[in-house]
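Taking it in order: structure first as structure tokens, then the write-up.
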Amino acid sequence: MKYYLLKRIVQLMVVMLLATFLTFGLTYISPSDPAEMMLTSRDVIPTEELLEKTREEMGLKDPFILQYGNWLKRLLRGDLGYSYSKRESVAEVLPQRIFMTTRLALAALLILVVFSLGLGILSAIQKSKLADYIIRGFSFVGISIPSFWLGLILIYIFVVKNRWFRITDPYAHKSIILPAMTLAIPLIGRYVRQIRAAILEQYSQDYVVGARARGIREGEIIIHHILPNALLGIITLIGLSTAALLGGTVIVENIFTWPGLGSMALEAITYRDYPLLQAYVIFMVWIYVSINFIVDIMTQALDPRVVIRGGRIGE
Amino acid sequence: MSNRKRKKAFFSFILSVAGLLILLAIVAPAFAPKDPLATDFAHVLKGPSSKYPFGTDQVGRCIYSRILYGARVSLGMTFLLLMLIFTLGLAIGMVAGMSGGIIDTMIMRITDTVLSFPDTVFAIAIVGILGPGIRNTIFALSVVWWTKYARLTRVLVMGIKNSEYIHAAKMAGAGKLKLITHYIFPNILSSLIVQLALDIGGMMLAIAGLSFLGLGVQSPTPEWGNMLNEGRAYMQTAPWLLIYPGLAIFTVVAIFNVLGDTARDVLDPKHV
């Protein structure tokens, strides 16, 4: 376990390092000129002479590797650069945005876990009955519906037609419901199926058959035997949904004008504000990689059956 | 047994529905009543009528015709991208699986790095930095998606590389190239095709999503995602701008998702 942990941590660092390289490389090959962006953001009209001087100052004439090294050094010190469009340092822009996106993602995750578990179990218990068919129908719709369309429909129904919600104030508690639902519904569709299948598989296991033979009631079997085993499934589910949740926030925040990281990334793209975009990408990768790391370790710790060979679970 | 037969029959049915859809996209011009780019300022934001079956948009373009032409763009980009990532992933995965050792490790580290980016975030970052448009969208999505096929190919190749019939073929004097084209590729093809079928819907959603954010296909080229993007400003007065393009994406993605699921049941005997 200790060896495995160490190996995974080293792997994590290598991947993070390569990810920063890729992120920096992408902005390096981008068609716009950081010196010009910098000058315009300070309301200075960029003359050719001034541009040359600024490029020199910003180290834009250095070879690529040197520029990357310097950038990485600043990054490790927590210096994320200066946002041209917000006109303040990226480190000052980020916290509030991170807070808003985390709130949204956690709310969506809560809805996701509760509904996919509830519906998944119900569907498995009622296998081949009406409830099962209805739930499977909904889950299919959930998988195929584009989240951006879903979000617009929800706004149309609940905001435009029946003024149940207002979405103009993202800081009000109620306004998190629609965006979180938009984020969660497509994922619920996906995981209801998986949980249903996992529980049906448990149903045919010897220990359940044995428990039933001993005369234990069906309800107790589910609560005491099947659910604890399904817990592992939930943790894996959280890990699996991270990428979709993080990626989904861009579209959902855009639809609901939610002032989180996703909207920030789109603003950064519009204004060609690359330091801001770099910070966004690196933060996302970091969160994603860490959550997957934690999930792997937890799966390993909780399930003695998972055998680790060659540093990878389940291979 | 009859269950399997029924599944096969259903697979043929859904396959022909999907085929019809693709055909419809190809012959769209024959069905479209209007030019999808033609504006009609006398009929701006008008609801569905006999002249405009799905209504008109903010510059009086025919929504129905735009959706038909949009099918070409959406489906065309989806299949082009799938072909790209399939070829790229297959080639890279084959090299990794066949050679092993340091080359394999290097290729796997690269795929790990790409996979360490949440896919949508990575695609948005690439298009965002290189600039919006069809070409960069295709580039970004292929950079993000090829890893899936490379990994799958590699695992499949490694699984059969040491089987007896491969050894026998080697013994019979088959060279590396012949080994790949005659013995390995035909055996892994069905799993790869199932994966492709499963990915059609997801790829369509990815393209439409980028276009919705204003990063993918640019107006005035009709595409379902960018039609929704343009239409959302008129939600209160002209909801048909949202209803029809969204319904189009939903229906087509749903059909291809059913196709993917049935393809897996029918073609991949290992999957239960």
### Task
Could you please let me know if A:Y191 is away from every other protein chain (no Cβ under 14 Å), part of a loop (DSSP other than H, G, I, E, B) and either modelled with pLDDT of 85 or more or under 19 Å from A:T102 (Cβ atoms) (or both)?
no
### Task
Can you tell me which residue among B:S65, B:S74, B:S50, B:S116 is over 23 Å from the mean Cα position of the chain (by Cα) and at pLDDT below 95?
B:S50
### Message
Against the definition (of a type outside the set (K, R) and outside any helix (DSSP H, G or I)), how does B:L215 come out, yes or no?
### Response
yes
### Query
Out of A:M16, A:M1, which single residue is modelled with pLDDT of 85 or more and either touching a helix residue (DSSP H, G or I) at 6+ places or on another chain (Cβ under 7 Å) or of a type outside the set (K, R) (or both)?
A:M16
### Message
Taking the conditions exactly as written (within 14 Å of chain B (Cβ to nearest Cβ), part of a helix (DSSP H, G or I) and of a type in the set (A, V, I, L, M)), does A:L51 satisfy them or not?
### Response
no
### Scope the stretch B:23-33; condition surrounded by 14 or more Cβ atoms within 10 Å (Cβ to Cβ) and in a helix (DSSP H, G or I); matching residues
B:L24, B:A25, B:A28
### Message
For A:E92, only one of the following conditions fails: (1) of a type in the set (D, E, K, R); (2) away from every other protein chain (no Cβ under 14 Å); (3) in contact (Cβ under 8 Å) with a residue 12 or more places away in the chain. What is its number?
### Response
(3)
### Task
Can you tell me which residue within the stretch A:129-181, out of those that are among the hydroxyl-bearing types (S, T, Y) and within 26 Å of A:V192 (Cβ to Cβ), is surrounded by the fewest Cβ atoms within 10 Å (Cβ to Cβ)?
A:Y133
### Complete set of residues in the stretch A:1-32 that are in a helix (DSSP H, G or I), within 11 Å of chain B (Cβ to nearest Cβ) and aliphatic (A, V, I, L, M)
A:L12, A:V14, A:V15, A:M16, A:L17, A:L18, A:A19, A:L22, A:L26
### Query
Tell me, which residue of the stretch A:232-259 that is among the polar types (S, T, N, Q) and in contact with a Gly (Cβ under 7 Å, 6 or more places away or on another chain) is farthest from A:I185 (Cα to Cα)?
A:N254
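Can you name the residue in the stretch B:218-249 that is among the small types (G, A, S) and part of a helix (DSSP H, G or I) and, of all such residues, is nearest to B:Q58 (Cα to Cα)? Give the steps one after another, and end with the answer.
Here is the first cut: in the stretch B:218-249, the residues among the small types (G, A, S) are B:219, B:225, B:231, B:233, B:238, B:246, B:248.
Filter once more, keeping what is part of a helix (DSSP H, G or I): B:225, B:231, B:233, B:246, B:248.
On the way: B:G225: 16, B:G231: 8, B:A233: 10, B:G246: 17, B:A248: 19 Å.
Only one residue tops the list, namely B:G231.
Residue by residue, here is whether (1) within 17 Å of the chain's Cα centre (by Cα); (2) without any contact (Cβ under 8 Å) to a residue 40 or more places away in the chain; (3) within 11 Å of chain A (Cβ to nearest Cβ) holds:
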{"residue": "B:A208", "(1), (2), (3)": "yes, no, yes"}
{"residue": "B:G214", "(1), (2), (3)": "no, no, yes"}
{"residue": "B:W224", "(1), (2), (3)": "yes, no, yes"}
{"residue": "B:P245", "(1), (2), (3)": "no, no, yes"}
{"residue": "B:T251", "(1), (2), (3)": "yes, yes, yes"}
{"residue": "B:A254", "(1), (2), (3)": "yes, no, yes"}
{"residue": "B:D261", "(1), (2), (3)": "yes, no, yes"}
{"residue": "B:R264", "(1), (2), (3)": "yes, no, no"}
### Query
Assuming A:P186 fulfils every condition listed in (1) under 17 Å from the mean Cα position of the chain (by Cα); (2) away from every other protein chain (no Cβ under 11 Å) apart from one, which condition is it?
(2)
### Query
So A:K61 clears everything in (1) within 27 Å of B:I110 (Cα to Cα); (2) surrounded by fewer than 13 Cβ atoms within 10 Å (Cβ to Cβ) except one condition, right? Which one?
(1)
### Query
Which one of these does B:A96 not meet: (1) within 13 Å of chain A (Cβ to nearest Cβ); (2) buried (at least 19 other Cβ atoms within 10 Å of the Cβ)?
(1)
#### Entry: Residues satisfying the stated conditions in the stretch A:252-280, i.e. more than 19 Å from A:P31 (Cβ to Cβ), in a loop (DSSP other than H, G, I, E, B) and either within 15 Å of the chain's Cα centre (by Cα) or not β-branched (V, I, T) (or both)
A:F256, A:W258, A:P259, A:G260
### Message
If a residue must be more than 11 Å from chain B (Cβ to nearest Cβ), part of a helix (DSSP H, G or I) and farther than 18 Å from B:G246 by Cα, how many such residues does the stretch A:140-165 contain?
### Response
0
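The values are calculated or read from the model by the stated rules, or taken from the named source; none is laboratory data. Keep in mind it's a predicted model, so treat the numbers as computed, not measured. With ideal geometry, Cβ positions are generated from the backbone for all residues, glycine too; neighbour counts draw on all protein chains shown.
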